[in-house]
Structure formats: structure tokens, C-alpha cells
1. Any residue in segment 22-38 that is out of contact with any His (no Cβ under 6 Å at 6 or more places or on another chain) and modelled with pLDDT under 95?
2. Name the single residue that is farthest from PRO186 (Cα to Cα) among those in segment 8-67 being among the β-branched types (Val, Ile, Thr) and surrounded by fewer than 21 Cβ atoms within 10 Å (Cβ to Cβ).
3. Collect the residues in segment 128-175 that are closer than 30 Å to ALA63 by Cβ, among the aliphatic types (A, V, I, L, M) and in contact with a Ser or Thr (Cβ under 6 Å, 6 or more places away or on another chain), keeping them in residue-number order.
4. Report, ordered by the first and then the second residue, all pairs with beta carbons closer than 7 Å, sequence separation of six or more or different chains, a first member in segment 134-161 that is at positive phi, and a second member that is assigned to a loop (DSSP other than H, G, I, E, B) and surrounded by 17 or more Cβ atoms within 10 Å (Cβ to Cβ).
Amino acid sequence: MPTDTTDASAAPPLVLGSTSPYRRELLSRLRLPFTTAAPQVDETPLPHETPAALARRLALAKAREVAARHPQAIVIGADQVADLAGEPLGKPGSHERAVAQLQRMSGQTVVFQTALSVVCLASGFEQSELAPVEVRFRALDAGEIERYLRAEQPYDCAGSAKSEGLGIALLEAIHNDDPTALVGLPLIRTARLLRAAGLRLP
């Protein structure tokens with residue numbers, strides 16, 4: 001019976017172009033060795049740029065910037081933008097902005113546009129995908145918003161809500177085809193692109 005003689009050590013290194021602990025935890029589920037690198041990218045939206053286009057552009061820019069410093073590696077870049085009726089909502093960064101975001105999203109449907117790019121300069125590989133997640137928020141009163149923010153302090157999360165934590169209690173429904181996309185790294189798509197880039201996964 002033939003045996004697989006592929007040397008796993010011959011695989012190119014894998015780099016996650018992100019310092020997000022959420023994305024790091026998600027990627028670790030694929031049981032591939034990887035390192036992380038902070039992408040140096042200006043995340044300012046362009047004039048009239050849609051949330052989906054912004055997420056796609058930033059994910060690719062992050063992957064390309066890190067790949068330029070690690071040309072032999074397969075590099076993952078990702079970005080997420082909350083889309084409220086076509087308006088991008090980023091990370092609030094403060095309690096006051098998080099309150100304002102949640103007030104606006106109360107009772108509304110928000111699409112979290114999660115973009116993924118995989119780049120390897122050595123092989124010339126470059127592919128991107130978008131994983132939109134439709135989230136319907138409950139009608140939230142001021143007390144619920146305040147208690148949630150004080151408890152979880154999700155100021156580093158687009159849209160001010162951590163669905164993997166207490167933020168799930170703010171929601172009525174989630175619709176998507178890649179369950180980890182809402183947390184920041186769509187693993188079904190990630191696995192697909194990594195296989196296409198030449199890595200072996202189960």
C-alpha cells in the first residue's frame with residue numbers, strides 16, 4: 001500500500017497578518033503552525049467606498065504588506081466592517097461611540113462584511129473572498145446597552161458586539177454560510193484558500 005512521503009516541513013511558512021487574539025484563536029483550530037505579524041496599513045475608508053469594498057481592500061492590503069516582509073510565506077489578511085444600510089461602522093474605540101453604534105443598530109439588520117485574502121509572493125498566489133454575515137439586533141433599551149458595554153467592553157470589535165461572548169444576547173438571528181466569519185476569520189473559506197495555496201489540510 002503506497003505511503004504518503006510528503007515532508008510537512010517542506011511546506012512554506014504560514015503567517016497571519018493580524019494581531020487580533022480572536023483571529024489567532026480561530027486559525028489555531030486548523031492545527032497548522034503559524035506566526036503572526038502586524039500589518040502596517042492605513043484603514044481610512046475612501047470616499048464613497050462601500051463597506052464590502054472597504055473590507056476587501058483592507059484584507060488584501062494587509063496580506064500584501066505582510067507578504068512583502070515575508071516573501072516566502074503564505075500570508076493571511078482579514079478585515080471586517082459592519083454595514084448598516086450601506087454605511088460602514090468600524091471599531092468604536094470608546095464607550096461613547098459604542099453606545100452610539102448600538103443605539104443605531106437596535107432593531108436593525110446589520111451585515112458584517114468579513115473579507116479574507118491569502119497571498120504568497122514566492123508562488124505568485126493571490127486570492128480573496130468575502131463572507132457576509134447578516135445579523136438582526138433586538139430592540140435594545142439604554143439600560144441593556146449600558147450593562148452590556150460595562151460587562152464586555154467590546155471597543156475593539158466592529159459593531160460593538162462580541163457574538164462569541166455576551167453580545168449574543170443582543171441578537172435575534174444570525175444568517176451566514178461560514179460560522180466563524182462573524183468572529184473575524186471565516187474558517188471554511190480560509191481552509192479552502194490555504195489548500196489552493198498549497199497547504200495540506202484534512
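1. Yes.
2. So, considering only residues that are among the β-branched types (Val, Ile, Thr) and surrounded by fewer than 21 Cβ atoms within 10 Å (Cβ to Cβ), the one farthest from PRO186 (Cα to Cα) is THR44.
3. Scanning segment 128-175 gives a single hit, ALA131.
4. From segment 134-161, the pairs are SER160/PRO92; SER160/PRO154.
Table: residues versus (1) within 27 Å of HIS95 (Cβ to Cβ); (2) modelled with pLDDT under 95.
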| position | (1), (2) |
| --- | --- |
| THR109 | yes, no |
| VAL119 | no, no |
| ALA122 | no, no |
| ALA131 | no, no |
| ALA142 | yes, no |
| LEU149 | yes, no |
| GLY159 | yes, yes |
| GLU164 | yes, yes |
| ALA197 | no, no |
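The values are calculated or read from the model by the stated rules, or taken from the named source; none is laboratory data. What you are looking at is a predicted structure, and each value in this text was computed from that prediction instead of being measured. With ideal geometry, Cβ positions are generated from the backbone for all residues, glycine too; neighbour counts draw on all protein chains shown.
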